[in-house]
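Working notes, structure below.
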Amino acid sequence: MGRLTAIVLGAAAGGGFPQWNCRCPVCRLGWSGDTRVRRSTQAGLAVTVDGENFVLLNASPDLREQIAATRELQPRVGLRGSPIAEMVLTGAEIDQTAGLLALRERHALTVHASAETLATVAANPMFNVLAADLVTRRACALGAPFALRDGLAAELFTVPGKVPLYLEGSNPDLAAETGANVGIELTFGERRLLFVPGCAAVTPALEARLARADAVLFDGTLFDDDEMIASRTGTKTGRRMGHMPIAGAGGSLAALAHLPGRRIYMHINNTNPIRVAGSPERRQVEAAGWEIAEDGLRIEL
């Protein structure tokens, strides 16, 4: 029997790090080559239990670059082919789906997602470049486990959050629990990994689910709720964007202080000071038992 292995393809929030047009204090370190920070692509995971066939969690706009940087995901035999066999999506944001367009060269693939996410993808004709005779779109009921390859199973579950930015309108529900924003629970034998890249609040049900996991990759978008306002890089709080902050009252550091398994922050915004090795914010997070995801991080369960 194999083991559940996850590779962090990208650890950054939308825009990557350093963000292409940003000179916030953290991005300035990135542009200058400061060794305290590392470049990062937009959030995604690759998961395998046999080292041969991979399931991707989300498809960021950087997916082509991520495949080039990850030897296991590159074609190995024959004229055409790929170890990427399946994909599971947590939503229809641009940084969760745009990478699908990089997989348009007639490769057999199954895309699993909620009905809401698949409806949003279907409404955009650009995604019709994915050959319908090869790319299967499979709607997954929330809370119902489904089989992936080689004994790996998955389950989509609701996470407080909102619809994609381009659909939210003028008065969005910022902490709705619908199929528009979900987490993914992967199981292999007794091993359990949870992927929650976007979360507006921790409910008792979500906390209980996270507590059962051997490893949790959780929304680390902003350290402080007003981080983008304070840095003058934006006008919205983290909660307004559907992301609870790490620090402060109601932040994830306090809400998830007692999780027993491995805890890893990912989907980290370019403004977030936990990116900086040795920063007070990073030391605080690490002292609480959390890890900071980096591109290429491997998790073995």
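The values are calculated or read from the model by the stated rules, or taken from the named source; none is laboratory data. Computed from a prediction, not measured in an experiment: that's the story for all the values here. When we count neighbours, we look across all protein chains shown, and the Cβ atoms used for this are built from the backbone with ideal geometry, even at glycine.
Here are the numbers for the structure shown:
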| item | result |
| --- | --- |
| From the options 102, 132, 92, 108, residue that is within 28 Å of residue 73 (Cα to Cα), within 18 Å of the chain's Cα centre (by Cα) and surrounded by fewer than 17 Cβ atoms within 10 Å (Cβ to Cβ) | 102 |
| Residue 35 being of a type in the set (Val, Ile, Thr) and either more than 26 Å from residue 127 (Cβ to Cβ) or in a loop (DSSP other than H, G, I, E, B) (or both) | yes |
| Which numbered condition residue 16 misses (of (1) exposed (fewer than 13 other Cβ atoms within 10 Å of the Cβ); (2) in contact (Cβ under 8 Å) with a residue 24 or more places away in the chain; (3) on the phi > 0 side of the Ramachandran plot) | (1) |
| First in the range 246-258 and closer than 15 Å to residue 292 by Cβ and modelled with pLDDT of 95 or more, second anywhere and exposed (fewer than 15 other Cβ atoms within 10 Å of the Cβ) and among the aliphatic types (A, V, I, L, M), Cβ under 6 Å, 6 or more apart | 253/288 |
| When residues of the range 195-243 are limited to those that are among the hydrophobic types (A, V, I, L, M, F, W, C) and touching a helix residue (DSSP H, G or I) at 6+ places or on another chain (Cβ under 6 Å), the one surrounded by the fewest Cβ atoms within 10 Å (Cβ to Cβ) | 202 |
| All helices (runs of 4 or more DSSP H) inside the range 199-301 with 2 or more residues being among the basic types (Lys, Arg) | 280-287 |
| Top-ranked residue of the range 244-285 - restricted to ones that are among the polar types (S, T, N, Q) and touching a helix residue (DSSP H, G or I) at 6+ places or on another chain (Cβ under 9 Å), ranked as nearest to residue 159 (Cα to Cα) | 269 |
| Pick from the range 2-13, criterion more than 12 Å from residue 41 (Cβ to Cβ) and either touching a His at 6+ places or on another chain (Cβ under 6 Å) or of a type outside the set (A, V, I, L, M) (or both), ranking: surrounded by the most Cβ atoms within 10 Å (Cβ to Cβ) | 5 |
| Criterion (small (Gly, Ala, Ser) and either assigned to a helix (DSSP H, G or I) or more than 29 Å from residue 180 (Cβ to Cβ) (or both)) met by exactly one of 15, 2 | 2 |
| Tally of residues being more than 15 Å from residue 238 (Cβ to Cβ) and either acidic (Asp, Glu) or surrounded by 16 or more Cβ atoms within 10 Å (Cβ to Cβ) (or both) across the range 270-283 | 4 |
| The range 26-56, residues that are in contact with an Asp or Glu (Cβ under 7 Å, 6 or more places away or on another chain), among the polar types (S, T, N, Q) and farther than 28 Å from residue 149 by Cα | 40 |
